[in-house]
Amino acid sequence: MSLAPPHSLNETLPHRRPATRRGDVTETVRSARDRLLSPAGLPPRIELALLRQHVGQLLVGVPIISGLVAVLAIAVGLREASFAWIWIVSHVVASGFLLGVVLRFEASTRPIFQAQSWKRLFLAGHFLSGLPWALLWLWPLCRSCGPIDTNALLFATSLGAIATVAMIGAALGGVVIATFLPLAGALAFRATTSQDASEQALYGLLICAIPFFTLVADRLRRGSVERLRHRAERDQLVSEIETARIQSDEARQRAEEANLAKSQFLATMSHELRTPLNAILGFSEVISNEILGPVGNETYRDYVNDIHQSGQHLLDLINEILDLSRVEAGRYTLNEEPLLLANKAREGIGYVQLKADTKRISIVSEFEPNLPQLWGDPRSLRQVVLNLLSNAVKFTPEGGRIVCRVGWTAGGGQYVSVSDNGPGIPAEELPTVLSSFGQGSSAIKSAEQGTGLGLPIVQALMTLHNGRFELHSELGRGTEAIAIFPHSRVLEVMPAMQDFV
């Protein structure tokens, strides 16, 4: 059972911001913190993922670079064996340093907080690995002797090395520039000192290849960053969904525990309240009827009547709360049998007729004839009709008119409708009126305030009967409450079977 606060209380309470707003603020703060920690504008977790991607690509690309080095060393060694050994040793030293950085990175326990430091260390290793390529162009080799053109061989292998580094080092920003900056300086020096136009064109073409492959590596890096961002957003979304699921399960468990505590409280309090109420109602009725003798004072007799009415009102309230609690807890048992819906409507009109006559309210009955029986719980349907009629009498002004209708629905079911010409209910108050203990502005202003449980009980009982409850109202033109029963509860009348001899 949900306990809804009064409408006036809801207006005085401050409206809370949606939870999504707090989540947006948290995400903004986290993003700002990540950007402050990363000069490149990327969160450290993405920088770390790029470093790990670079390490994996580096281990794949090292054999390719080593193959180029071996081919070039063999070709150069045929002419100058001493320089070939120097070049191989320098390459091995630079590669060893880079491999040491990789091993230290893999062994690190908290690399995310040092992503920029690791990035600088990797760039330093690539810078060292580029020095042998600069040395290759600065060493005074014999470039025209022998069967192979040395410049063409150096150009092909250098271009292959630049392309390979651009591919395997794309995840690490600036790797092409860091690796081949010494080579660009060496080529610029050779271009300024050479007198051969073809050699100068060769040097210039190789220098231009460095920024071109830098751009290629940058495009590849951007693609990797976008993929990592999407993956991070997906993981974060999955994490938030899992967190929401856990919170929902915890909230459901707390609600079930609260509902159990409420049921135990109602069971205990109903017994504790009914025991003294029986004495209050019984003894006040004895005194009011003067069974043991005259009261002797008219004022006392009025007091006793007020006591009896107040006790009866409290007992009705307890019964309504227990009924609604049993329905919502799934413990309300329907004792169903065939019945006529029109008869239940007539019984309800008989209960409220005296009060309607006191207010000079006319109750008009409009029942369709020859309606078949309905399969339902007589006590529940009596309560449904009585609650609808009681509300109509309560809020209809003196001299008003109430119409109670029973008939067919378009789908072959049956309905009972109670309409009045009272003040009506504003459209924005309809959800409040249908909630437990909810009361509209008309009920709050009225002298005959109720418990606010009549319509919720009707709604719950109609749900148990597989039906539905509709409330239509217009301010200043009255209200119509309709309880609709499905076709499956209407007992069809079968034709009599003829006996054949």
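The values are calculated or read from the model by the stated rules, or taken from the named source; none is laboratory data. Since this is a predicted model, take the numbers as computed values, not measurements. Note: ideal-geometry Cβ built from the backbone for every residue, glycine included; neighbour counts use all protein chains shown. Surface areas here come from the heavy atoms of the whole protein model, side chains and all, with no ligands, DNA or RNA. Shrake-Rupley method; radii C 1.70, N 1.55, O 1.52, S 1.80 Å.
Structure notes:
- Base-10 log of normalised Debye intensity for the range 205-295 (one unit scatterer per alpha-carbon) at q = 0.12, 0.21 Å⁻¹: -0.75, -1.02
- What a 1.4 Å probe finds exposed on the range 218-376 is 54% carbon and sulfur by accessible area, rounded to a whole percent.
- Using R0 = 30 Å, the C-beta based FRET efficiency linking LYS359 and ARG274 works out to 0.45.
- Of ILE280, ILE65, the residue with the largest accessible area leads and the full order is ILE280, ILE65 (1.4 Å probe).
- Rounded to the nearest 20, the size of the Cβ-charge dipole of the range 206-287 about its Cα centre is 640 debye, with Lys and Arg at +1 and Asp and Glu at -1.
- Full-stretch length increase - ARG104, ASP235 - with 0.36 nm per residue and alpha-carbon distance subtracted: 44.4 nm
- Gyration tensor (alpha-carbon) shape descriptor, the range 453-493, a/c threshold 1.5: oblate
- Computed with a 1.4 Å probe over protein heavy atoms only, the accessible surface of the range 170-265 comes to 62 Å² per residue.
- The GluC sites (Glu not before Pro) of the range 287-380 meeting both criteria, a DSSP state outside H, G, I, E and B (loop) and at most 12 other C-beta atoms within 10 angstrom of the site's C-beta, are GLU290.
- Straight-distance crosslink candidates among lysines, where the alpha carbon sits under 22 Å from LYS344 and sequence neighbours closer than 8 are dropped: LYS355, LYS394
- Charge tally around GLY399: other residues with Cβ under 11 Å, Lys/Arg +1 each, Asp/Glu -1 each, net +2.
- Multiplying the residue separation of LEU464 and ARG245 by 0.36 nm and subtracting their alpha-carbon distance yields 75.9 nm.
- Distance from the alpha carbon centroid of the range 467-486 to that of the range 313-385 works out to 16 angstrom.
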